[in-house]
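Visitor: There's a structure below that I have some questions on.
The values are calculated or read from the model by the stated rules, or taken from the named source; none is laboratory data. Since this is a predicted model, take the numbers as computed values, not measurements. As a convention, Cβ positions derive from the backbone with ideal geometry for all residues, glycine included, and neighbour counts pool all protein chains shown. These accessible areas exclude ligands, DNA and RNA; they are computed on the full protein's heavy atoms, side chains included. Shrake-Rupley method; radii C 1.70, N 1.55, O 1.52, S 1.80 Å.
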Amino acid sequence: MEKSDLQFFRDWFRDYTSGFHSRDRDMEWLIQIKIGHSYRVGENTKEIGNELGIGKNDLLLAETIGLFHDIGRFEQSVRYGTLHDDRSENHAILGVKVLEKESVLSNLDKKEGEIILTAIRLHNAKALPDIQDDKTLFYSRLIRDADKLDILRVVTDYYERRRQKRNPLIELELEDGPGYSTSLVQDILEDRISDAGELRTLNDLKLLQLSWIFDINFLPTLKRVCEKRYLERILKGLPDNSEIREVDSHIRSYIERRFIEGA
Ligand SMILES: [Fe+2]
C-alpha cells in the first residue's frame, strides 16, 4: 500500500460522509461525532502501531482500517435512526458491504484488502474468533484497541457535559436512574467483558464501558486509557456505594498487574 492510496481513501471518506448530513439536530450531531471518531481512530491506530514498532506501510494499512472501521454507521444512522445494532443491523458487516459495493479497496493487493475487511468486520465482535493469519490477527486487535480508546474519550466527555446537552442516541435510549444490573458488576469482578445485549439503564452502559478494560490488547493503549483517567471519570458518574468501590479497586489492581507483567 502506498501513501497515495491513503490519500485516495481520505478523499473518498470525506465525499462519502458529506452525503449524510441531517437537518435533525441530534442526528447531525451524531454524524459529526462519527466523522470525528473515524479520523481519531485512524490517528489512534497509527500512534499505537508506531509505538508497537510496525513499519511504514503497515502504518498506512492501520490508519485505513481506523478511518473506515465505522463506515457502516452512516447508513445505519440514516436508515434506522439508531446506533443499536440489535434493533437495526450489525454496523461492522454493513460497513464491509458499503466498501465492497463502492469498490473502494480495488486498487490494493488482494491480501491487504482482505485484512482491512476482516479487521472491520470483527471490530465490534464481543470477542475475536480464532484467526490463523498473524497479520490479520494483529490488525484486528489493533483496531479494537484504537476504537475503544476513542469511544472512552467520547463517552467520558459526554457524561461530563450531558447536563447541558443530552443526546438520547448516544445513550442508546437507555433509562437514566440510580439502578444498575448486578450481573454487570459481577462481570467486572470476574475480569469479563459484558454483553451489550444486557443493558437496561445508563449506568449499565457505563459498567459495560468499564468492562472493556479486559479487552485492551496492547500496553500503549492501556497507558493512554490511564493517562486520560477515562475509567476514574466514568466511575464518578456511578452511584457511590460499596459495590461500585469494589469495582473501582478491582479495575485498579487489574491494570497494575498488566503493567507489572508487561503484557
Ligand atoms: Fe464501530
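Visitor: Test of understanding: in a Gaussian network model of the chain with alpha carbons linked when under 10 Å, which of 88, 253, 211 would top the mean-square fluctuation ranking?
Guide: So, out of 88, 253, 211, the one fluctuating most is 253.
Visitor: Add +1 for every Lys or Arg and -1 for every Asp or Glu among the other residues with Cβ under 12 Å from the Cβ of residue 37, and state the total.
Guide: Net charge in that neighbourhood comes out at 0.
Visitor: Here's a follow-up. Please go through the residue pairs 110/228; 56/110; 34/126 and name each one whose alpha carbons sit more than 28 Å apart in this structure.
Guide: The pairs that break the limit, which is 28 Å between Cα atoms, are 110/228.
Visitor: Accessible surface of residue 256 in the full protein assembly, 1.4 angstrom probe, to the nearest 10 Å²?
Guide: 110 Å²
Visitor: Under Stokes-Einstein, with the Kirkwood radius over Cα pairs standing in for Rh, what whole-number D in µm²/s applies to the range 3-147 at 10 °C and 1.306 mPa s?
Guide: Translational D for this selection: 103 µm²/s.
Visitor: How much length, in nm to one decimal, is gained on full extension between residue 43 and residue 190, taken as 0.36 nm per residue of separation minus their Cα-Cα distance?
Guide: 49.7 nm
Visitor: In the neighborhood of residue 181, defined by Cβ-to-Cβ distances under 10 Å, what is the net charge if each Lys or Arg adds +1 and each Asp or Glu adds -1?
Guide: That sum, taken over residues with Cβ under 10 Å, equals -2.
Visitor: Ok, one more. Taking only the alpha-carbon atoms of the chain, what semi-axes of the equivalent ellipsoid follow from 5 times the gyration tensor eigenvalues under a square root, in whole Å, largest first?
Guide: 30, 23, 15
Visitor: Further question: Round to a whole number: what % of the accessible area of the chain belongs to carbon and sulfur, probe 1.4 Å?
Guide: On the way: 6060 of 12930 Å².
C and S fraction of accessible area: 47 percent.
Visitor: So if I place +1 on the C-beta of Lys and Arg and -1 on the C-beta of Asp and Glu, and nothing else carries charge, what would the dipole magnitude of the chain be about its Cα centre? I want it in debye, nearest 20.
Guide: That gives the chain a dipole magnitude of about 680 debye.
Visitor: If the chain between residue 22 and residue 151 were fully stretched, how many nm would it gain, using 0.36 nm times the residue separation less the Cα-Cα distance?
Guide: Gain on extension, residue 22 to residue 151, equals 44.2 nm.
Visitor: Hand me the trypsin sites (Lys or Arg not before Pro) from the range 1-90 located in a DSSP loop with no more than 13 other Cβ atoms within 10 Å, in residue order please.
Guide: Working: sites: 3, 10, 14, 23, 25, 34, 40, 46, 56, 73, 79, 87; in loops: 23, 87.
Answer in residue order: 23, 87.
Visitor: Ignoring ligands, DNA and RNA, how do 139, 39 rank by accessible area with a 1.4 Å probe, largest first?
Guide: The ordering from most to least exposed comes out as 39, 139.
Visitor: Can you grab the distance from the C-alpha centre of the range 160-223 to the C-alpha centre of the range 33-85, Å, no decimals?
Guide: The two parts, judged by their Cα centres, are 21 Å apart.
Visitor: Leaving out ligands and nucleic acids, note down the accessible area per residue over the chain with a 1.4 angstrom probe, in whole Å².
Guide: Values: 12930 Å² over 263 residues.
For the chain, the solvent-accessible area averages 49 Å² per residue.
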